[in-house]
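Read the structure below first, then the notes.
The values are calculated or read from the model by the stated rules, or taken from the named source; none is laboratory data. Note that this is a predicted model, so its numbers are computed, not measured. Heads up, the Cβs are rebuilt from the backbone with ideal geometry, glycines too, and the neighbour counts pull from every protein chain shown. These area figures cover heavy atoms from the full protein model, side chains too; ligands, DNA and RNA do not enter into them. Shrake-Rupley method; radii C 1.70, N 1.55, O 1.52, S 1.80 Å.
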Amino acid sequence: MQTKEKGILSSIFQMKCPKCRTGNMFSTPSIFPLKDLLKMPERCTTCSQKMEIEVGFYYGTGYVSYALTLLILALVFVFYGLFFGLSYKNNSVFIALGIAISLVVLLQPWLMRISRVLYLYLFVKYDKQASKE
């Protein structure tokens, strides 16, 4: 019986190991408690892929997080502008800015995690045989 291969997008959003797409990348499934937000096992429990390839590897996630934050800010402004319009006269630009900043602050824990996931997916290739071992 052949098992169905997991898609890359579902694996990323479920925060699974990039090599086998079955092992969890984080020790806790929830972002709470916040002190354990970025706690990761040393290796994947399924395929033994190292989660931190080298010392300081995750410093690069700042760039990924920055890009995702800019994307969220841009999307908020685009959607706000399409549905309500943007103007300095009625302060709608500042309302949109407040909504965008609030959304980014609320999403920050998730953004930190997904940035690590995306960054590791850039450097580790999927191996069909890894999940079967």
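Where residues in region 21-50 are open to solvent by 30 Å² or more (accessible area, probe 1.4 Å) and not in a loop (DSSP other than H, G, I, E, B), which of them is nearest to D127 (Cα to Cα)?
Ranking the candidates gives K50 first.
Just one of (1) of a type in the set (A, V, I, L, M); (2) at pLDDT 95 or above; (3) in a loop (DSSP other than H, G, I, E, B) trips up I53, so point out which.
Status for I53: all satisfied but (2).
K19 - would you say it is in contact (Cβ under 8 Å) with a residue 12 or more places away in the chain, charged (D, E, K, R), in contact with a Cys (Cβ under 7 Å, 6 or more places away or on another chain) and closer than 30 Å to E5 by Cα? Quick ask: steps written out before the conclusion?
Working: in contact (Cβ under 8 Å) with a residue 12 or more places away in the chain: yes; charged (D, E, K, R): yes; in contact with a Cys (Cβ under 7 Å, 6 or more places away or on another chain): yes; closer than 30 Å to E5 by Cα: yes.
Taking the combined requirement at face value, the residue satisfies it.
Report whether or not Y126 is within 28 Å of G23 (Cβ to Cβ), surrounded by 11 or more Cβ atoms within 10 Å (Cβ to Cβ), aromatic (F, W, Y) and touching a Ser or Thr at 6+ places or on another chain (Cβ under 7 Å). Can you show your working first?
On the way: within 28 Å of G23 (Cβ to Cβ): yes; surrounded by 11 or more Cβ atoms within 10 Å (Cβ to Cβ): yes; aromatic (F, W, Y): yes; touching a Ser or Thr at 6+ places or on another chain (Cβ under 7 Å): no.
So Y126 fails the test.
Residues that are open to solvent by less than 30 Å² (accessible area, probe 1.4 Å), not in a helix (DSSP H, G or I) and not polar (S, T, N, Q): does region 64-78 have at least one?
No.
Return the pairs, sorted by first residue and then second, in which the second residue is in a loop (DSSP other than H, G, I, E, B) and open to solvent by less than 90 Å² (accessible area, probe 1.4 Å), the first residue lies in region 33-52 and is under 12 Å from C20 (Cβ atoms) and without any contact (Cβ under 8 Å) to a residue 24 or more places away in the chain, the beta carbons are less than 8 Å apart, and the residues are 6+ apart or on different chains.
R43/Q49; R43/M51; T45/G23
List every residue pair whose Cβ atoms sit under 7 Å apart, with the two residues 6 or more apart in sequence or on different chains, where the first one lies in region 82-98 and is open to solvent by 70 Å² or more (accessible area, probe 1.4 Å) and the second, anywhere, is of a type in the set (S, T, Y) and outside any helix (DSSP H, G or I).
Every condition considered, no pair remains.
Please specify each residue of region 97-133 satisfying the condition of being aliphatic (A, V, I, L, M) and outside any helix (DSSP H, G or I).
Taking region 97-133 and keeping what is aliphatic (A, V, I, L, M), we get 97, 99-101, 103-107, 111-112, 114, 117-118, 120, 122, 124, 130.
Hits for region 97-133 are V124, A130.
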